[in-house]
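Note sheet for the following structure.
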Amino acid sequence: NAGVTQTPKFQVLKTGQSMTLQCAQDMNHEYMSWYRQDPGMGLRLIHYSVGAGITDQGEVPNGYNVSRSTTEDFPLRLLSAAPSQTSVYFCASSRLGQGYEQYFGPGTRLTVT
Amino acid sequence: GENVEQHPSTLSVQEGDSAVIKCTYSDSASNYFPWYKQELGKRPQLIIDIRSNVGEKKDQRIAVTLNKTAKHFSLHITETQPEDSAVYFCAPVEYGNKLVFGAGTILRVKS
């Protein structure tokens, strides 16, 4: 099993550009989520999904869109990149329900200039 | 929503000493309390968790204790080793699968 995979590992964008961060898991997990990690602030939830076709907003959703057309994939779209979106982005997945371990991907380091 | 605070923000210990990190949360309905470890440049990984019907759980050199009345839980690491150096996050679950992360504690183990 590859677990949770993310691409790309690094990305530099100019302000106003759009892009999609990819996330895939091969564990048949219903729950998937996206976090951003900024220095000194822990991880903050951007969007999450409890299954194909179902998504919802987390703590910091503005500027980001998600969709979940399959169980395996959960892409994160930046609509118009801003310097405030410079961060490390982690995707995670788990079985649905409280108390299941969440497995994180390796992360994408994004810089917006 | 859940408000989570971790203390201390930085902790330096001598190899072999113990380390304790405390996490305070606000939502009395929280029922699941995990701790994640993140090494430099790596992804967060679960190291131990506890459910609300249990007061303490141990796994070799690490343990977690829970005080639901006071709304805090703590990570205890005994006989610290250099490989324990990392950032540790508590992440109580508000409901469903939604983790709410603390700001993290940087643990440095000096050899």
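Could you list, in sequence order, all residues of the range B:23-38 that are among the aromatic types (Phe, Trp, Tyr) and more than 9 Å from chain A (Cβ to nearest Cβ)?
The first filter runs over the range B:23-38 and keeps only residues among the aromatic types (Phe, Trp, Tyr), leaving B:25, B:32-33, B:35-36.
Correct list: B:Tyr25, B:Phe33, B:Trp35.
Only one entry in A:Met27, A:Met32, A:Met19 is farther than 21 Å from B:Leu40 by Cα and within 10 Å of the chain's Cα centre (by Cα), namely A:Met32. Within the range B:87-111, the set of residues being surrounded by 20 or more Cβ atoms within 10 Å (Cβ to Cβ) and away from every other protein chain (no Cβ under 14 Å) comprises B:Leu107, B:Val109. Against the test of being in contact with a helix residue (DSSP H, G or I) (Cβ under 8 Å, 6 or more places away or on another chain) and among the aliphatic types (A, V, I, L, M), the options B:Ala19, B:Ala63, B:Ala29 yield a single qualifying residue, B:Ala19.
In summary, strands (runs of 3 or more DSSP E) completely within the range B:30-111 and bearing 3 or more residues that are touching a residue at least 60 places away in the same chain (Cβ under 8 Å) occur at B:32-38, B:86-90, B:105-110.
Of all residues in the range B:1-55, count the ones that are among the small types (Gly, Ala, Ser) and out of contact with any strand residue (DSSP E or B) (no Cβ under 8 Å at 6 or more places or on another chain).
First, the residues of the range B:1-55 that are among the small types (Gly, Ala, Ser): B:1, B:9, B:12, B:16, B:18-19, B:26, B:28-30, B:41, B:52, B:55.
Going one step further and asking which of them are out of contact with any strand residue (DSSP E or B) (no Cβ under 8 Å at 6 or more places or on another chain), we end up with B:1, B:16, B:28-29, B:41.
Of the residues in that region, 5 qualify.
Pairs needed: first member in the range A:26-43, under 17 Å from A:Thr111 (Cα atoms) and more than 10 Å from every other protein chain (Cβ to nearest Cβ); second member anywhere, part of a strand (DSSP E or B) and among the aromatic types (Phe, Trp, Tyr); C-beta distance under 6 Å; at least 6 residues apart or different chains. Here the result reads A:Arg36/A:Tyr89, each pair linking the range A:26-43 to a residue that is part of a strand (DSSP E or B) and among the aromatic types (Phe, Trp, Tyr). Within the range A:49-108, the set of residues being part of a loop (DSSP other than H, G, I, E, B), more than 14 Å from every other protein chain (Cβ to nearest Cβ) and crowded, with 21+ Cβ neighbours inside 10 Å comprises just one member, A:Ala81.
Quick check, is B:Ile21 closer than 18 Å to B:Thr105 by Cα, touching a Phe, Trp or Tyr at 6+ places or on another chain (Cβ under 7 Å) and not in a loop (DSSP other than H, G, I, E, B)? Even if it seems obvious, please write down each step before you answer.
Details: closer than 18 Å to B:Thr105 by Cα: yes; touching a Phe, Trp or Tyr at 6+ places or on another chain (Cβ under 7 Å): yes; not in a loop (DSSP other than H, G, I, E, B): yes.
Spelling it out, B:Ile21 is indeed closer than 18 Å to B:Thr105 by Cα, touching a Phe, Trp or Tyr at 6+ places or on another chain (Cβ under 7 Å) and not in a loop (DSSP other than H, G, I, E, B).
So which residues in the range B:1-35 are of a type in the set (A, V, I, L, M, F, W, C) and surrounded by 13 or more Cβ atoms within 10 Å (Cβ to Cβ), if there are any at all? B:Val4, B:Leu11, B:Val13, B:Ala19, B:Val20, B:Ile21, B:Cys23, B:Phe33, B:Trp35 - these are the residues of the range B:1-35 that are of a type in the set (A, V, I, L, M, F, W, C) and surrounded by 13 or more Cβ atoms within 10 Å (Cβ to Cβ).
Right, B:Glu79: acidic (Asp, Glu) and more than 14 Å from chain A (Cβ to nearest Cβ) or not? Answer is yes for this residue. Pairs are defined by a Cβ separation below 7 Å, a sequence spacing of at least 6 or placement on different chains, a first member in the range A:77-93 that is more than 22 Å from A:Thr5 (Cβ to Cβ), and a second member that is of a type in the set (Val, Ile, Thr) and not in a loop (DSSP other than H, G, I, E, B); the pairs so defined are A:Ala81/A:Val112; A:Ala82/A:Val112; A:Pro83/A:Val112; A:Thr86/A:Thr111; A:Thr86/A:Val112.
Laboratory data are not the source of any read-out in this text; all were calculated from the coordinates shown. Since the structure is predicted, the reported quantities are computational estimates derived from the model, not experimental observations. Note that each Cβ is placed from the backbone with ideal geometry, even for glycine, and that neighbours are counted across all protein chains shown.
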